[in-house]
Amino acid sequence: MIMKHKWHVRPARRPFVTRRLLTAALASSMTMVGIFSNNLSFNSANAQSLLGKADTGADTEIRTTESAGWQADAKLVAALQARSNHPFNYDEAAVPDYELPDVLGAATEDFTAAQWPDRRAALLEQFRGHVYGRRPQVTPEVFFEYEAAAFDPTGGKAIGKRVRCRIRLGEREFAFPFLIYTPRQSQQSASPEPMPLVVLINNREFPDPQTMSPEASGFWPVGLLIDAGFATAVFHTSDVDPDRADGYEQGIRGFFAENAPRGDESWGSLSAWGWAASRVLDFALKYENIDPQRTAVVGHSRGGKTALWAAAEDPRFQIAYANESGCGGAALSRRRYGETIARITSAFPHWFCPKLTTYSDQEDRLPVDQHQLIALLAPRSVYVASAAEDLWADPRGEYLSIVEAAPAFELLGKTSITDSSMPPLDQPRHVGATGYHIRPGKHNLTRHDWQYFLQFAESQFAE
Ligand code: GTR
């Protein structure tokens with residue numbers, strides 16, 4: 001594989017290992033070269049069970065060295081590649097040649113920060129028109145209704161509320177619930193300090209505060225967040241827009257469009273969920289003592305894709321944290337490693353705008369790639385995380401997106417990760433406005449991930 005790419009603005013520190021050398025090193029450490037068909041019969045359940053069943057036991061050699069950084073476990077790659085009838089590539093050596101679209105655009109030799117707002121607006125439009133879709137132009141009335149106190153799983157350290165967000169267009173109304181917890185102690189002094197806030201986009205089961213213990217929920221560890229002094233809110237994606245191909249009429253998109261057929265560039269569920277994250281932020285900034293300079297949006301997998309897009313659309317989010325967000329999230333689409341555009345748009349046609357389907361098996365025609373989504377967040381902060389057994393999400397592609405977004409951070413006076421060699425397993429890398437870790441284990445958002453993320457958030461908010 002050769003990655004053809006030129007920097008227009010050179011990162012402050014050049015990578016220690018060039019991409020070409022790194023690729024050669026990877027290629028020589030892996031012997032498998034697969035040939036893949038484009039049979040799209042492989043489904044999500046297969047993907048997950050495949051990852052689950054792969055041999056990743058104690059005898060598995062994890063290739064991590066200080067100099068080379070993380071590499072996919074060769075046995076896991078071999079196990080995934082050996083499955084017959086699957087069209088997906090997990091072999092780094094078989095990643096196709098690709099050329100990434102420039103972050104700053106053409107004629108960028110003397111590009112200045114003053115030109116960034118126009119460039120950013122153009123990029124945002126491209127992502128809307130080709131990937132996530134355009135949100136409706138109408139502005140609804142939005143109301144918040146306090147429903148009840150939410151059970152405090154932290155044993156008295158938090159104040160929990162159940163709130164209903166009501167969205168009104170004329171006589172019609174749509175509503176979705178969310179929970180918000182704030183640290184009790186920090187709000188009880190005579191002049192309480194504004195709090196940092198984390199909004200979690202929850203694509204798993206709605207956490208039941210009655211049964212949730214502060215230790216039990218790794219996906220949303222309220223106790224950990226409260227102990228760190230953070231307020232935290234959560235909503236469930238399907239309460240906003242059902243996570244089903246046939247859920248359009250029951251969700252917020254159907255509500256806005258009065259169930260008119262979707263246009264080629266109309267918003268998908270990921271964008272609708274991101275819109276909901278912004279409404280939760282509206283509530284928190286208006287009715288809670290939240291510091292607007294210390295807000296984060298967090299999501300895992302489809303929620304991670306959403307977190308990045310939510311923060312691209314809504315600059316009030318100061319940090320986006322995308323956990324194992326993969327294809328359509330942080331991973332570079334042109335690498336076609338693990339999940340592909342063809343597969344994601346056929347398995348989840350409701351997530352993106354319909355036009356994205358036209359790039360199936362033609363990723364090189366896409367006017368954007370996902371490093372530019374990371375760039376849209378600059379100079380704010382972005383954190384990307386991967387899991388070593390989650391090759392479906394393409395950890396290297398997730399990492400390289402940050403590296404390739406560097407020109408935007410540098411242009412805007414921020415440092416960011418520029419070393420194209422990945423960090424070793426379980427050793428987070430935080431550089432300037434960007435952070436990354438790859439932890440051992442499978443596809444999930446865990447307490448371990450949150451701990452690394454909170455370290456990053458604290459360092460960003462301390463600046
Ligand atoms: C998978 C999908 C991924 C990821 C994941 C998840 O089935 O292929 O893109 O979003 O679901 O959300 O857990």
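We did not get these values from a lab; they are worked out from the coordinates using the rules stated. Predicted, not measured: the structure shown is a model, and the values here were computed from it. Heads up, the Cβs are rebuilt from the backbone with ideal geometry, glycines too, and the neighbour counts pull from every protein chain shown.
Values for this structure:
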{"quantity": "Largest-first principal axis extents, alpha carbons of segment 331-399, Å", "calculated": "31, 29, 22"}
{"quantity": "Coarse-grained scattering of segment 116-461 at q = 0.09, 0.10, 0.11 Å⁻¹, given as base-10 log I(q)/I(0) from a Debye sum over alpha-carbon atoms", "calculated": "-0.44, -0.55, -0.67"}
{"quantity": "Cα Rg over Rh - segment 225-382, Kirkwood", "calculated": "0.98"}
{"quantity": "For I290, distant residues with modelled amide H under 5 Å away", "calculated": "M195"}
{"quantity": "Loop chymotrypsin sites (Phe, Trp or Tyr not before Pro), segment 355-463 (other Cβ atoms within 10 Å of the site Cβ: 13 or fewer; DSSP)", "calculated": "none"}
{"quantity": "Positive minus negative residues near F88 (Lys, Arg vs Asp, Glu; Cβ under 14 Å)", "calculated": "-3"}
{"quantity": "At R0 = 60 Å, FRET efficiency that the Cβ-Cβ distance of F151 and A106 yields, to 0.05", "calculated": "0.60"}
{"quantity": "Electrostatic dipole magnitude of segment 116-461 [Cβ: Lys, Arg +1; Asp, Glu -1; Cα centre; debye, to 20]", "calculated": "260 debye"}
{"quantity": "Interchain or long-range residues, amide H under 5 Å from A158's placed H", "calculated": "R184"}
{"quantity": "Loop GluC sites (Glu not before Pro), segment 249-282, which have at most 13 other Cβ atoms in a 10 Å radius of their Cβ (DSSP)", "calculated": "E258"}
{"quantity": "Euclidean distance between Cα centres, segment 402-443 to segment 354-379, Å", "calculated": "20 Å"}
{"quantity": "In Hz, Karplus ³J(HN,Hα) per residue of segment 430-444 (6.51, -1.76, 1.60; θ = phi - 60°; x = Gly, Pro)", "calculated": "10, 10, x, 7, 10, x, 7, 8, 10, 9, x, x, 9, 5, 4"}
{"quantity": "Amide H contacts of F144 (H built 1.01 Å from N, under 5 Å, at least 5 apart or other chain)", "calculated": "R166"}
{"quantity": "Using θ = phi - 60° and Karplus 6.51 cos²θ - 1.76 cosθ + 1.60, couplings along segment 118-127 (whole Hz; Gly, Pro as x)", "calculated": "5, 4, 4, 4, 5, 5, 4, 4, 5, 5"}
{"quantity": "For segment 416-424, Karplus couplings with θ = phi - 60° (6.51, -1.76, 1.60), whole Hz, Gly/Pro x", "calculated": "7, 5, 10, 6, 6, 7, 5, x, x"}
{"quantity": "Selection from A393, T357, I374, by position along the positive dipole direction of segment 349-398 (Cβ)", "calculated": "I374"}
